[in-house]
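Structure record follows, encoded as C-alpha cells.
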Amino acid sequence: MYGVVVIKRSLGVEVNIKSVNNGDQFFLPDNQIIRGQRVRVYGIECFSGDQLTKTPGGLTMASASAVLGLMVNFVDAGNSNRVYQIPFFTFQSSLNGGFIREFEPFEIVLTKSFVQVVDGAILTAGEGVYFHLIYSQV
C-alpha cells in the first residue's frame with residue numbers, strides 16, 4: 001500500500017479560519033457523506049491558495065505562505081491524537097515532491113480533528129484551507 005496511493009474513496013473537507021489568535025483551534029466539520037459511518041484514513045493531502053482560489057463552499061483560500069502559521073491534528077476513534085501538531089505545509093503534496101502523506105490506516109473522528117493557529121500574524125481571518133482525505137470504509 002505504501003509508495004503509490006490507490007484512492008478507494010476520497011473526501012474533501014474545508015475549514016474556515018474564523019480568527020487568527022495564536023492557539024485558536026478550528027475543528028473539521030461534520031460531513032454528510034461519511035456521517036454515521038466508520039472510515040479509516042490512509043492518505044491526507046492539503047491545499048492552499050497556490051493550488052485553489054476558493055473552497056467548494058466559497059471561502060478564499062489562505063496563501064501558501066500564510067499556512068506556515070497552521071498545525072494539523074487528527075484524532076482517532078479511541079480519542080488519541082494520531083497526527084499531532086504537524087505543520088500544515090507537510091501535507092501539501094505540490095510543495096513536497098508531489099507525495100501524498102500516507103499513514104497506517106486509522107479511524108478518524110472528523111469533528112474532533114482540528115487546525116490550530118500558531119502564527120496568527122501571517123493569516124487572515126475568514127480564509128479557508130482544504131483537505132483531501134483518502135479513506136476506506138471499515
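Do we find that Gln51 is assigned to a loop (DSSP other than H, G, I, E, B) and more than 18 Å from Lys8 (Cα to Cα) in this structure?
Yes.
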Which of the numbered conditions does Ser48 fail, given that it passes all the others? Conditions: (1) buried (at least 21 other Cβ atoms within 10 Å of the Cβ); (2) over 18 Å from Thr124 (Cα atoms); (3) not basic (Lys, Arg). (2)
Residues of the range 1-48 being within 25 Å of Leu95 (Cα to Cα), in a loop (DSSP other than H, G, I, E, B) and among the β-branched types (Val, Ile, Thr), in sequence order, are Val4, Val5, Val6, Ile7, Val20
Within the range 79-138, track down each residue that is farther than 21 Å from Gly12 by Cβ, among the charged types (D, E, K, R) and under 15 Å from the mean Cα position of the chain (by Cα). none
Which residue pairs have Cβ atoms under 9 Å apart, sit 6 or more places apart or on different chains, and have a first residue in the range 24-48 that is of a type in the set (Val, Ile, Thr) and a second that is outside any strand (DSSP E or B) and buried (at least 22 other Cβ atoms within 10 Å of the Cβ)? Ile44/Phe91
Residues of the range 16-43 classified as at pLDDT 95 or above and among the polar types (S, T, N, Q), total: 5
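The values are calculated or read from the model by the stated rules, or taken from the named source; none is laboratory data. If you're wondering where the values come from, they're calculated on a predicted model, not measured in any experiment. In this analysis, Cβ positions are derived from the backbone assuming ideal geometry, glycine residues included, and neighbour counts consider all displayed protein chains.
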